[in-house]
Each structure stands twice: as C-alpha cells, then as structure tokens.
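Worksheet: one structure, shown below.
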Amino acid sequence: MSEVIENEVELEEDTQKDKFLTFFLGDEVYGIEIKFVTEIIGLQSITQIPDLPDYVKGIINLRGKIIPVIDVRLRFKKSSQEYNDRTCIVVVEIKEVAVGFIVDTVAEVLTIQSQDIVLPPQFKNGSHYQRFIKGIGKVDNVVKLILDCDRLLNDEEMNSLEELSSGQSK
Amino acid sequence: MDNDDSRVPMSDLFVFETNQMLEQLERLILDGEKSGGLKASINEVFRIMHTIKGSAAMMLFNDISCLAHSIEDVFYYLRENKPLLVDYSELTDLVLQAVDFIKDEVRKVENRESPTGDCSEIRKKSGAFLLTLQVIDPASKDISLKSLDHEELQHDIDEKPVREGQTKWEAVIFFDEDCGMENIRAFTLVHELEELAEDIAFFPKDILENDSTAEMIREAGFKVVFATVNSSARLEEFFAKTMFLKNFQLKKTINLEESIANSVVSDNSKPSSLQEISQRGESKHSFISVNVAKMDMLMDLVGELVIAEAMVTQNPELQGVTLDKFYKSVRQLRKITGELQDTVMSIRMVPLSATFHKMNRIVRDMVRQLDKQAELQIVGEHTEVDKNIIEHISDPLMHLIRNAVDHGIEPAEERIAQGKAAVGKIRLEAKSAGGDVWIVIKDDGGGLHREKILKKALERGLIHQADSLLTDKQVYSFILQPGFSTKDEVTEFSGRGVGMDVVSQNIEKVGGTISVDSVQGEGTTMSIRIPLTLAIIDGMKVKVGNSIYTIPIIAIKESFRLQDQNLITDAEKNEMVMIRGQCYPVLRLHERFNVQQTTTDLREGIMVMVEVDGRSLCLFADSLLGQQQVVVKALPSYIKKIRGIAGCTMLGDGSVSLILDVAGLAY
Amino acid sequence: MRVLIVDDALFIRRTLKMILEQNGYEVVGEAENGLEGILKYKLLQPDLITMDITMPQMDGLTALKAIKKIDPSAKVVMITALGNESTVKETILSGANGFIVKPFVQEQVLRGLSAFK
C-alpha cells in the first residue's frame, strides 16, 4: 500500500520536475517550482488585517478557505505598484499551509533543466531579496530568477508558521 | 500486507471500549473514596475488571488480562465474602495503579505498538492484598484440596445394584483441548445424563469443589459409570450432542484402572487466534469514528449553505415583490438549515466531564503525597465545548489544579490556625455566558502575595519601581509571564518556574484568555474564557472605511449617535462618553485597525456600546450595516493571533469580514 | 440457525457476531444485559442464545432462569470467563445447555455450537 503511494508521489514529482511557473515583477522574470503552486487566480477583494508587516496584505476567501496574501514586491522591498487587471495571485502551498503571492502578472510554465540553473552570485551587500533567490535559470538567453519558495516564508515567518500549525493541529 | 489493516477495527474497538470502562472505573473509585468507601461499587468494579479481562484475553494481551483478572479476584472475594476489615484506601491505590497500567498498555495498542508492559509488580500487590483479606477475615474458608480417591468411586459403583432391564455402562470422555473448565463440563454432562440414567458415579469425584480436577480431566479423561435402560445408540447420540466433546469410549465393563490406561489422548487441532478471525472479513460497527477534517469540511459547507440561503432569500431583486408562497417556503428552508447547523455543531461538541473528572485523580494523588487535605468540587461538568478545545485545555487545567493544591491550599494545621476548615476546597466550574465558555478554578487557600510578586516583577524587569498604582489584577497577571514563579522551593508537582506562561499560551492557542484574581488569605481564582470557535453566531456588521467588521451581537448593549455634550476628553486625549451618569471609554475602530478614508468625526459615525466581563466600552464605526448570522472561522495560521480579532467570516458577496473579539479590545 | 447474542461487552458481541455470521449462523439480535436479553428472546424467538454471565442491570444467570421459565426447551449457551466455575455450575443447574469459556477463538465457538445443529 505504502509502496504504491510512494510510486505515485514519485510519478507526480517526475512530471513536475524542472517545471517552473514564471511571473513578472516589473521587468524581471521570476520562477517558482510548479510543485508548490496550487492555482493562479485574479485579484480579489482583500480584507486587511491590522498589526501585520506591510507585505502581508490581508486575507482572501478562496472558495471557502481563508488564506493570507503577500505582496511579493513589498516582500522584496521593491516599490509598490497599483494593482490592475493583470495583477495575479499565485497560490502556493508550503507545508500544508496555503499562501497567495501577489505578482504583477503571470508569464508561462517553463521547463528549465537543472544544468541550465546556476547558483546566484553572492554579494556582500546584496539587496534584501537575494536570499530568496535559489538559482538563476537561463532560457533562450533570458534570465529567470528562481525563487526559494521555502524561504519566501522564511525565518521568523516560517517559525511562526510551524509553531502555529503544530499548536493548532486539528 | 493486509494483516495489520484488517486487525485495526477490532483493536480500535478494544481501545474504545476499554478506555470507556477505565474512565468509568476511575470515576467509581474516586466517587467511592469521597463518599466514604468503595463498598457500594464492588459489583461494578468486579464487572468492569471482568469485562476488560475477557476482551484483553481475546486480543491476546496477556498482561492486561492477567492484571484485570487479579483485581477481579480481589473484588470477587469482597463480593462473595463481604469481609469486615478492608483497607479501602489501599484498595483504591491498588485499583488506580492497575487502571494506570492498563491505560498505558491501551495507549500502546492505540498507537499500534504492542503492549509490552509487565504487570507482575501490581499483580503481586493485588495477590498480597487478597491474601491479607483472607487471613484477617475470620469467615474465610479453608480452600485446601480434597484428596482424590479411586477406591471410593469403585466402592460407590459396586455398592449400587443393577436394576432389571438396566445396563451398567462406563464411559470415558475427553473434551476438546482449550475448551476450559473441564470439571464444570463434566458436571454439565452428569447433570444432563441424569435425565437418561441412574446411579451415576464419576471420577474425578470432586469436580464441583475442586477446580484443579479440570487439569486431571484434561489429561486422563472423565470417567462416568451409570445404569440406564436406554440403548447404546441413544447414549451415543447423547454424548455426540455434548458441547466440546472430543471423543468418548462407551463400554459395559467396569474397570476404572484399565479404562484410564486405554484412553488415548489425541488432538492435533490448533486454536486460531482472534487476529486470524478478524482477517477473514470485515466487521460491521454500529458506531463510526469520523475524520475531524471531514467534520471541518461539513462545518464549512453548512456555513456556506447558510450564506447561500441568505443570498437567495434576502436577494435585493425580491424587494417590493409580494411572494407569500415563496416566503412560506423560505421559512421552511430556514428552519431546516437551522436544524442542520445545530446538528453539525453538536457533533463537534463534547462535554467537559471527562476532562474534569481527570482532575479528581490529580487532587487525590497530590493530597496523599503532599500530606494536605483538599477536596475538589466539580460544577457544570456537562458544559460542552468544541472537541478541539478539550484537547488543548486539558493540560493547562491540570497545571492550574496542581498549583491550587500545591501552592494554594495550606497545610491543615495552618488552616485550622487561621480559622478555616481543615480540608481545603477547590472548585472547578464550567459555565456558558455570553457566547463564551468560562472555566473557573477557585481555591480557598492562602492567595497570592502581592508584595512577593511585585518584588519578583521588579527583579525580572517587568516593572521599574514598585508601583503602588498597579491594581491587584495587574499585579497578579504577572504570574502569567514566562519564568515567573514566586515559590522558592520546587515540589514534585509544580513550581518549576515554567508553567503559568505555558498555561496561558496554551489557552491563547484556542483563542482563550486567562485572568487571575486573588485575595490574600482567602484564596485564588483563575478564570479561563474560551470563545466559541467554529461556531455560528449572530453578528452585527459595521462599516469602517472600506472594511466591514462583525461584532458578536451578544456583546452589544446598545448603539447610539453621539451628542456633543456627552463627550469628555481627558488630559491625555483619551475620549470618553458619559451616558446616564456613567463614563465609558471610546475606541475608534479606524485608529485601532489603521483604516483609511473613514469618518473621523465622532458625531457623524455611530457608537456601539459593548460589554464583556463587566467592562463596557464604546466602539466607534462609520455606520451599522445590519445583522447577520455568520460562521466563525479561524484566521489562517500564517497570521499570528491578533489582539482584538476573534476570527473572520465570509460575507454574502464572498468577501471576508473580521470578527471583533470584544474582550481583546477591552483590555 | 438463528442466534441471539447477550453480552455487555460490545467487543465480545462483535467478535461473536463475526464468527457466527461467517459460518452460516444468523445473528438475529444482540442485547446488552439480561433484561434486554429476555425481551429480545420473547420478541425474536431465536434458536439459540449466547449469554454472558457478568452483566450490569441483570446478570446472565437471572436471565437464563427467566428464559427457561418461559420456554424450558430454549437453548442457552453461557459465555463465561475462567475462574467463574461456581456461577457456571449454577447456570447448569438452572438449565443452561452448555458454556463457552472466554477467551475463545473461532474454532472453539463453532465446535461448541455444532452440538446444537
């Protein structure tokens, strides 16, 4: 029984391997491993919540499920931009917790072979968001910044996430 | 690969039922102790142990079964011989130890481990206890074995003359291996044979008095001689109909020695285990255990149904149209959805009684160990809370109860010196009030020492100078801070300096709050407030800027528009409203929640006066949008708990409204 | 053969039921105590009753006596734990048609009850 499940997981991971969802923040193209992405939705009305960091824009109702949304621009300490009809929310699930990422617009799903991904250069005074970049992929001479999804909800956030999900296990 | 899976239902059933019985047993014992003796429950304890023994044996959990058996023996003796001298407190300890052991083992079974505990220690104790009973009880009988006598049987048989038409038979009977109680089976056979035959004699003779004859029959067979007019065919039919009869030899001669020698034991049947039985098919249960995730989903769906119903029945397009039949149907629909809601919610609700009764045990154990006197009074144990909450408050409650006994209740001499009753009282009470559930733990012990706490708070840098302006409640709340303990020595039960903060964290995890109140010399009261999570509440929607907040109706006292003369502003710019001679603080929701584009003129918006826990305040919003039933949902776990927000709910248009936690706003 | 199971332990009832139903017996009813056992006996008229001895409210011995009073030919097999010899003896004297000792395994139950087929 467990073997079957393992095989299925492997199979699924196989078909998702090397696939990335790419999206734009301004002119830059970012990629998220497709296995984390559960869906892409248009912008919806966001309910603000007080006492939170600015990049946590609030919560939305995703077919009855309440999920928090994070503005990736603000998360990367970039200037914010008015939302428009191209603005998208990429819903990712990390450790069974769903979070929506607000991005300028979604580009495409790409296959980037692992040999085409290089580690990002380390800058001593690198900008804030560099720690969220896990690699740099090159497809047709266009650079895609591969996001470290695990890290995007990282550090103090990830901690709180684990702490809470262990405490609120239903 | 299915071996384990198919066994699951039976062991689940075993775990379920055994746990229930253990709980019942624990309650019996503790109640018995309170009301001055286990005497009244001897029968029930016996029965429970008996049942556990049987079920455990079926599952091949030998240690559980043996232990239950040895306790059962004790209670059997108590029941049958009614000895006068019984040390009930020792007996209670014994049973509780057994309960603990079995509980542990059952937990292992529950976790799919094998129960490997060794019960021999407790069994020794129980054996010794029984022996003591028998020795000190003058009524106990000599239970030594009676001697067996072949010749006697021979004599009996020879003595009886054969009547006319009768034939004398001798039968040697072997029962199936493992059928158990062979002596009683032999007795059954003799009993039934009496209908067919006369002058019955048998060997071994003392099958009724001496249970060890079972062993003899197992090995050498059971011999019976009798006289009858019935044919051998009739006799053979009779034997064939005897339960568990493996084989028999029937002959007309009487020579016991010979027949013993001739009888051959042959049986190669092996018993199959219960596990094998359950592999053969699926069992059908009349109860089911439900995945909590599915319950949550059902809850969500019902919530959405409620919203959808509101969207249909309060649809703006219906306004101004006369639709008598439609509204009749609507009322019916509303009635059904209402009942559906109630039912779904009731499934998740569990009474606190089991959790509360666990505390009995804790108080009891501590009282014995600390040599104090205290009794626990339980009130409102039938109050129901969500299952999720039960799981989270059990540990905090235990901690608070321990604290009450350990730090609260004084030693008896001290109590008497202060003119209190020697026996300390701890009251554990649950009640529903204003949509919340309150759990209050109140002791009549020494109370908290304001000065000690202040000193400690100063040391820990919580305050900078011994501030006499702090209210008692504020001072006492320091004990909820991490690492805060004023108890100098550490006891086995509490006072390690970790504790109260963990208690308060645990309670906060389920959205609850805890507060402390105390009067020095008179006792301490800990009050836990648990909001009804996962519930459907009546809410008042209020608009603040572009946001819509929901205030639980139950907290609202009134709403009004402000008139100038009622507004007071103090030197620190705190706004207050004076109504009917009372002063209420104003909380501007737009400031509190940092909402833009909103009414800031207090006269233009609306004041909603809310009350919680005896405190009232006025919330300032732009306008009231109306009342609606809403389904309370928790905020996503990614977002830490935010003070003043109890959760959120979905509105008819799919947007999300935050539900205000009035208590969080008030403090 | 139609069987009524009387036992306070759900666990034992389920086990017995499973064994019986998988081997051509029809379990027509279950009862949790002696009293319920008597009522169900009257209602269902089973061919055979398995009767636990130690039960709350009304024990198996009392129920056995009552059932035998209603119908002396009723077939009642007691289910008993080891160590209960004296009570079993009483049940036999009160008309029990046999007994099965707990813990039992499938084979024992089937062998025991085969005497009534």
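Whenever a residue of segment B:328-343 is without any contact (Cβ under 8 Å) to a residue 60 or more places away in the chain, its partners that are among the charged types (D, E, K, R), lying with C-beta atoms within less than 9 angstrom and at least six residues away or across chains, give the pairs B:Val330/B:Glu309; B:Leu333/B:Glu309; B:Arg334/B:Glu309; B:Thr337/B:Glu309. Considered as a group, the residues in segment A:84-98 that are modelled with pLDDT under 85 and open to solvent by 10 Å² or more (accessible area, probe 1.4 Å) include one that is farthest from the chain's Cα centre (by Cα), and that residue is A:Asp85. Could you tell me whether B:Ile29 is modelled with pLDDT of 85 or more, part of a helix (DSSP H, G or I), crowded, with 21+ Cβ neighbours inside 10 Å and in the same structural domain as B:Tyr76 (by TED's automatic domain parsing)? It is false that B:Ile29 is modelled with pLDDT of 85 or more, part of a helix (DSSP H, G or I), crowded, with 21+ Cβ neighbours inside 10 Å and in the same structural domain as B:Tyr76 (by TED's automatic domain parsing). Residues of segment B:189-204 that are in contact (Cβ under 8 Å) with a residue 12 or more places away in the chain and either within 11 Å of chain C (Cβ to nearest Cβ) or closer than 23 Å to C:Ala81 by Cα (or both): B:Leu189, B:Val190, B:Glu192, B:Pro204.
This table checks each residue for (1) out of contact with any Phe, Trp or Tyr (no Cβ under 9 Å at 6 or more places or on another chain); (2) over 25 Å from C:Glu85 (Cα atoms).
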| residue | (1), (2) |
| --- | --- |
| C:Gln22 | yes, yes |
| C:Val28 | yes, yes |
| C:Ile38 | yes, no |
| C:Ile53 | no, no |
| C:Leu61 | yes, no |
| C:Lys65 | yes, no |
| C:Lys68 | yes, no |
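When C:Met58, C:Met78 are checked against the criterion of being farther than 17 Å from B:Asn183 by Cβ and in contact with a helix residue (DSSP H, G or I) (Cβ under 6 Å, 6 or more places away or on another chain), C:Met58 stands alone in meeting it. Filtered by the rule that a residue be away from chain B (no Cβ under 11 Å) and among the polar types (S, T, N, Q), segment A:43-98 gives A:Ser79, A:Ser80, A:Gln81, A:Asn84, A:Thr87.
Given the condition in contact with a His (Cβ under 9 Å, 6 or more places away or on another chain), closer than 28 Å to B:Met366 by Cβ and within 14 Å of another protein chain (Cβ to nearest Cβ), answer yes or no: does some residue in segment B:96-108 qualify? Among the residues of segment B:96-108, not one is in contact with a His (Cβ under 9 Å, 6 or more places away or on another chain), closer than 28 Å to B:Met366 by Cβ and within 14 Å of another protein chain (Cβ to nearest Cβ), which makes the answer no. Just to verify a result, which residue in segment B:406-447, among those that are open to solvent by less than 10 Å² (accessible area, probe 1.4 Å) and of a type in the set (A, V, I, L, M), is nearest to B:Ile378 (Cα to Cα)? Going through the qualifying residues, I end up with B:Leu428. Counting only residues that are farther than 22 Å from B:Arg603 by Cα and assigned to a loop (DSSP other than H, G, I, E, B), which one in segment B:620-636 is nearest to the other protein chains (Cβ to nearest Cβ)? Taking the candidates together, the pick is B:Pro636. Considering segment B:36-50, and only residues there that are open to solvent by 10 Å² or more (accessible area, probe 1.4 Å) and in contact (Cβ under 8 Å) with a residue 24 or more places away in the chain, the residue that is farthest from the other protein chains (Cβ to nearest Cβ) turns out to be B:Gly37. Among the residues of segment B:642-657, not a single one is among the hydrophobic types (A, V, I, L, M, F, W, C), outside any loop (DSSP other than H, G, I, E, B), open to solvent by less than 20 Å² (accessible area, probe 1.4 Å) and more than 9 Å from every other protein chain (Cβ to nearest Cβ). Of the strands (runs of 3 or more DSSP E) contained entirely in segment C:5-102, those carrying at least 1 residues that are small (Gly, Ala, Ser) fall at C:26-31, C:76-81, C:98-102.
Please state which of the following conditions B:Asp176 fails to meet, knowing it meets all the rest: (1) at negative phi; (2) within 14 Å of another protein chain (Cβ to nearest Cβ); (3) without any contact (Cβ under 8 Å) to a residue 40 or more places away in the chain. Among (1) at negative phi; (2) within 14 Å of another protein chain (Cβ to nearest Cβ); (3) without any contact (Cβ under 8 Å) to a residue 40 or more places away in the chain, the lone unmet condition for B:Asp176 is (3).
The selection criterion, being hydrophobic (A, V, I, L, M, F, W, C), open to solvent by 40 Å² or more (accessible area, probe 1.4 Å), assigned to a strand (DSSP E or B) and closer than 30 Å to A:Ile60 by Cβ, does not hold for B:Ile530. Of B:Val630, B:Val610, all but one fail to be outside the structural domain of B:Val440 (by TED's automatic domain parsing) and touching a helix residue (DSSP H, G or I) at 6+ places or on another chain (Cβ under 7 Å); the exception is B:Val610. Picking from residues in segment B:604-636 that are farther than 28 Å from B:Lys509 by Cα, modelled with pLDDT of 85 or more and surrounded by fewer than 19 Cβ atoms within 10 Å (Cβ to Cβ), the one that is farthest from the chain's Cα centre (by Cα) is B:Glu604. On the basis of being open to solvent by less than 40 Å² (accessible area, probe 1.4 Å) and at the interface with chain B (Cβ under 10 Å from one of its Cβ atoms), does C:Asp59 make the cut? In short, no.
C:Val3: in contact with a strand residue (DSSP E or B) (Cβ under 7 Å, 6 or more places away or on another chain), in contact (Cβ under 8 Å) with a residue 24 or more places away in the chain and either open to solvent by less than 10 Å² (accessible area, probe 1.4 Å) or within 14 Å of chain B (Cβ to nearest Cβ) (or both), yes or no? Judged against the criteria, C:Val3 is a match. Only one of the numbered conditions (1) open to solvent by 30 Å² or more (accessible area, probe 1.4 Å); (2) in a loop (DSSP other than H, G, I, E, B); (3) among the aliphatic types (A, V, I, L, M) is violated by B:Ile639, and that is (1). Considering (1) touching a residue at least 60 places away in the same chain (Cβ under 8 Å); (2) facing chain B (nearest Cβ under 8 Å); (3) open to solvent by less than 10 Å² (accessible area, probe 1.4 Å), the lone condition that C:Phe104 does not fulfil carries the number (1).
The values are calculated or read from the model by the stated rules, or taken from the named source; none is laboratory data. What you see is a predicted model; the values in this text were computed from it and never measured. Virtual Cβ from ideal backbone geometry, glycine too; neighbours counted across all protein chains shown. Heavy atoms of the whole protein, side chains included, go into the accessibility calculation; ligands, DNA and RNA do not. Shrake-Rupley method; radii C 1.70, N 1.55, O 1.52, S 1.80 Å.
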